[in-house]
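Please treat every number below as a calculation from the coordinates, not as lab data. Just so it is clear, the model here is predicted, and its values are computed rather than measured. So basically every Cβ, Gly included, is an ideal-geometry build from the backbone, and we count neighbours across all protein chains shown.
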Amino acid sequence: MSLLQATHLTLRAGSATLVDDVTFALAPGERVGLVGESGSGKSMTALAALGLLPDAVTATGSARLDGREVVGAADAAVRRLRGTVAGIVFQEPLTALDPLMRVGRQIAEPLRRHRGLRGAALREEVARALADVSLEGDRIARAYPHELSGGQRQRVAIAIALAADPQLLIADEPTTALDVTVQDEVLTLLERLVADRGMGLLFISHDLAVVSRMVDRVLVLQHGHVVEEGAVRRVLGAPRHPYTRTLVDSARFLDAALDVGAGSPGAESDRRREGR
Ligand SMILES: Nc1ncnc2c1ncn2[C@@H]1O[C@H](COP(=O)(O)OP(=O)(O)OP(=O)(O)O)[C@@H](O)[C@H]1O
Ligand SMILES: [Mg+2]
């Protein structure tokens, strides 16, 4: 059975159709990418799968997590699936974190709720969860989010998403807000966690190089439609749809422009300043 199965999933806000008749499946342990320009419906598709759509957006069709229907399901039922079946990491770690609560308590919360841990066992598990994301336990556990760097905050957000041991991780532009060296560290961490735990991964990014590194299969969204899908090497190496070709060409153009600059002194630091 699929971990995530979207069937004729359609999302509307008023008269606007944000996602139109999207069908795809993600098998256990499979890594799937969602690419497409800004506004193409990547985040909405992910949010719909987790029952986290904004109030203004209505869903029709079906989105099933581990066989259980999310579209039209009661909040309480979907809340149980979040965390245990699927966890999500967003672009901006602060959206997942409570600014007024120490980080250790925020990681403890899902461990208590989903796994019933208490006392010393809970403290031990918080330390293990932090070690899993390569953070030094005690100091970080006592810190408030604003006392951490962006990379540390995203590691904490990943620890929270994984606390209840989900089978699927949804990562929506998880490194876009981080600077380039930290980006690479967080991607390496995600790769390791997904591999070690045999998790499925739905990875959303506009960065095709990052997507090709992280996933096996990719779906290309344009204006809420899937215009192309297939093995990531095939889709990005030999795109069939004109829209995919445009995406790939503009990514190549950017790479080529950066390569030309790379030989000149200062090019690397320029690139860092620009957040590339
Ligand atoms: N709260 C909302 N209410 C109504 N429409 C929304 C809302 N949030 C986003 N949209 C619209 O939904 C469409 C899809 O947005 P979505 O956030 O899924 O795009 P995206 O592919 O994730 O883009 P990006 O790469 O910029 O993150 C856009 O047209 C957007 O304007
Ligand atoms: Mg988005």
Inset, instruction - Quick one: give the max-minus-min coordinate of the C-alpha atoms of the stretch 181-231 along each principal axis, largest first, in Å. - result: 32, 26, 16
Inset, instruction - Please work out how much length the chain gains when fully extended from residue 179 to residue 114, using 0.36 nm per residue of separation minus the C-alpha to C-alpha distance, in nm with one decimal. - result: 20.1 nm
Legend entry - Protection proxy ranking, peptides 243-253, 66-76, average beta carbon neighbours within 10 Å, highest first: 243-253, 66-76
Inset, instruction - Evaluate the charge dipole of the stretch 1-90 about its Cα centre and quote only its size in Debye, nearest 20, assuming +1 on the Cβ of each Lys and Arg and -1 on the Cβ of each Asp and Glu. - result: 260 debye
Legend entry - Kyte-Doolittle at least 0.0, axis length at least 27 Å by Cα - qualifying DSSP helices, the chain: 242-262
Inset, instruction - Find out how many positive minus negative residues lie around residue 216, taking Lys and Arg as positive, Asp and Glu as negative, among other residues whose Cβ is under 15 Å from that of residue 216. - result: +2
Inset, instruction - Starting from the Cα of residue 257, step 7 Å along the direction of its Cβ; do the same at residue 8; then give the gap between the two resulting points in nm. - result: 4.3 nm
Legend entry - Semi-axes of the equivalent ellipsoid for the stretch 64-176, Cα gyration tensor, largest first, Å: 24, 17, 12
Inset, instruction - Would you please state the base-10 log of I(q)/I(0) at q = 0.09 1/Å for the stretch 4-260, with intensities from the Debye formula using one equal scatterer on every alpha carbon? - result: -0.40
Inset, instruction - Mind putting a number on the dipole of the stretch 4-260 about its Cα centre? Charges go on the C-beta only, +1 for Lys and Arg and -1 for Asp and Glu, and I need it in Debye to the nearest 20. - result: 760 debye
Legend entry - Relative pair counts by distance (%), Cα atoms of the stretch 138-268, 10 Å bins: 10, 34, 32, 18, 5, 0
Legend entry - Label-point separation in nm, residue 195 to residue 23, each point 7 Å along Cα→Cβ: 3.5 nm
